[in-house]
1. Given the alpha-carbon gyration tensor of chain B, what are the semi-axes of its equivalent ellipsoid in whole angstrom, ordered largest first, with each equal to the square root of 5 times an eigenvalue?
2. With the convex hull built on the Cα atoms of the protein assembly as shown, state its orientation-averaged projected area in nm².
3. Would you kindly state how much longer the chain becomes between residue B:23 and residue B:173 on full extension, computed as 0.36 nm times their sequence separation minus their alpha carbon distance, in nm to one decimal?
4. Starting from the Cα gyration tensor of the stretch B:72-178, take the square roots of the eigenvalues, sort them a ≥ b ≥ c, and report rounded, prolate or oblate (rounded when a/c is under 1.5, otherwise prolate if a/b is larger than b/c, else oblate).
5. Could you put A:299, B:202, B:129 in order, starting from the residue whose Cβ has the fewest other Cβ atoms within 10 Å?
6. Quick one: work out Rg over Rh on the C-alpha atoms of the stretch B:264-305, Rh as Kirkwood radius.
7. Along the three principal axes, how long is the stretch A:182-301 when you take its alpha carbons, biggest first, rounded to the nearest angstrom?
8. Taking beta carbons within 10 Å but only from partner chains, what does the mean come to for residues B:129-140?
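Rule-based calculations on the coordinates, nothing more; no lab input. Quantities reported herein were computed from a predicted structural model and do not represent experimental measurements. Methodologically, a virtual Cβ is constructed for each residue, glycine included, from the backbone with ideal geometry; neighbour enumeration extends over all protein chains shown.
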């Protein structure tokens with residue numbers, strides 16, 4: 001009987017789920033609307049039914065080792081989702097307890113960026129590394145940290161919030177209520193804010209000047225940069241500086257072998273990697289220079305969110 | 001036969017050494033002049049002779065499990081001291097290899113702040129903690145990080161240089177060749193620089209205005225603050241702000257249970273602890289508030305440098 005793990009990635013809008021084999025390949029996958037379920041029990045019941053259908057649809061006989069779940073504000077130690085601003089389920093949700101009770105599957109949960117780091121460790125570019133960091137550049141900036149071959153959860157399960165390290169104590173207002181957090185500069189949203197700042201500072205014409213704030217995506221910005229748009233190019237330059245400088249602080253903590261970038265903004269490839277690496281190297285302490293890699297995720301061809309969550313189950317339940 | 005470990009703390013000026021039992025008590029200790037020995041072999045030979053005399057002076061029969069050594073730029077993985085600016089032995093010194101060859105003792109080496117963290121783990125306030133950080137506030141700012149119960153060495157053995165995270169990219173010139181490093185603000189030297197900045201900014205009279213830069217110590221500053229000196233008090237306030245704000249970045253990486261402060265400037269006690277805690281709490285991300293302790297070292301009554309180095313030997317050789 002073939003062993004498989006369930007991977008679930010809970011997002012504010014959509015939840016992605018899949019059945020993943022030991023190599024990280026999704027044998028089957030699906031998507032459901034997270035927002036339809038005001039109560040967590042209803043959500044888990046519906047998810048469980050979808051997982052049952054998915055398992056039955058796999059032609060081989062399979063044995064489920066367990067389920068791994070990535071969720072915003074997910075706590076590994078407690079199996080809870082706590083005060084997640086973008087989910088309808090308020091307060092402290094005992095997710096793992098409810099999931100196992102309703103579906104019968106063993107469950108382990110962590111936050112989405114930590115799940116990505118576990119995915120990178122088990123299936124991706126971190127397979128032979130003991131020390132690395134994963135940065136997800138999406139709406140915000142998430143991070144998962146691996147030290148001595150183990151995920152860093154911190155004493156309370158909430159380690160790895162590099163998006164909320166500070167670039168400028170008097171800087172941009174952040175959704176967390178503070179100012180100048182890295183994610184207000186280095187993320188899909190952050191580069192958009194930089195573009196609008198640059199439209200005020202610069203006088204050059206730009207295709208981006210025809211797009212309203214609410215419609216502009218990081219894809220629009222990278223497309224414009226590819227065509228030589230001066231504002232888009234400068235926006236990537238500044239984003240790389242913010243990120244590269246700040247990652248030098250991360251190195252002074254952890255001295256990882258590699259920092260992997262993934263998520264929407266990382267899709268811009270060298271547009272974001274090149275300036276990030278350049279400012280990073282320029283600012284590193286001498287002892288760290290020319291030896292720490294900044295690479296795109298090694299999970300680009302997988303559904304990283306589902307595979308990462310499933311990797312957590314493989315790691316914890318299939319020892 | 002009583003088991004003991006040798007602890008050696010190599011500083012730029014003095015080297016301290018001792019014979020330490022399993023509880024962290026130094027049964028015997030001594031100090032030698034590091035600068036007298038232009039060649040590392042001569043230094044180790046002299047140290048070995050002193051250790052032999054020390055061991056013979058202990059009334060009980062003892063068995064040495066090994067030697068732990070803390071040294072600037074010490075590399076745990078390689079057992080080397082590499083390009084230490086304040087030592088006479090240049091380039092890469094294969095310390096452990098030479099020490100074992102000359103003295104016959106098994107040896108393990110790390111940098112001085114990492115040795116302090118191991119000391120805190122084995123003998124001090126970190127005994128029941130899996131995740132904590134030790135900050136040494138001396139001439140510079142050193143740090144040792146413990147995650148999941150293990151010291152963080154990083155991929156190259158050089159993790160934990162929090163003194164070289166950046167407070168201000170256009171800030172004070174640092175000995176490392178960059179600008180605005182935390183240790184140029186938060187250290188015995190850093191607070192002295194702040195005092196001189198404040199003498200320019202403020203008009204209040206102060207006893208510190210009668211002391212030249214080269215003579216002023218952090219002890220003078222804390223003595224003045226105790227007496228209500230306005231410049232000294234403001235200097236502690238600002239030092240606490242720099243340190244507290246920046247430690248919030250460390251928490252966003254690691255979420256430790258506790259941050260221990262030790263070293264010369266930490267001797268100022270609440271003068272430095274109170275503003276550090278206040279600005280730290282003010283700036284923490286919500287999820288971390290009111291649960292991470294900032295405490296003085298739990299090794300205050302020991303010779304922390306020797307005990308920390310010996311703890312490394314206990315940890316690695318007496319499993």
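1. Sorted largest first and rounded, they come to 34, 22, 18 Å.
2. Average projection, Cα convex hull of the protein assembly as shown: 32.5 nm².
3. Result: 49.8 nm gained on full extension.
4. It is oblate, given that a/c is not under 1.5 and a/b is not larger than b/c.
5. Taking fewest neighbouring Cβ atoms as first place, the list is B:202, B:129, A:299.
6. Rg/Rh for the stretch B:264-305 comes to 1.06.
7. 45, 34, 23
8. 1
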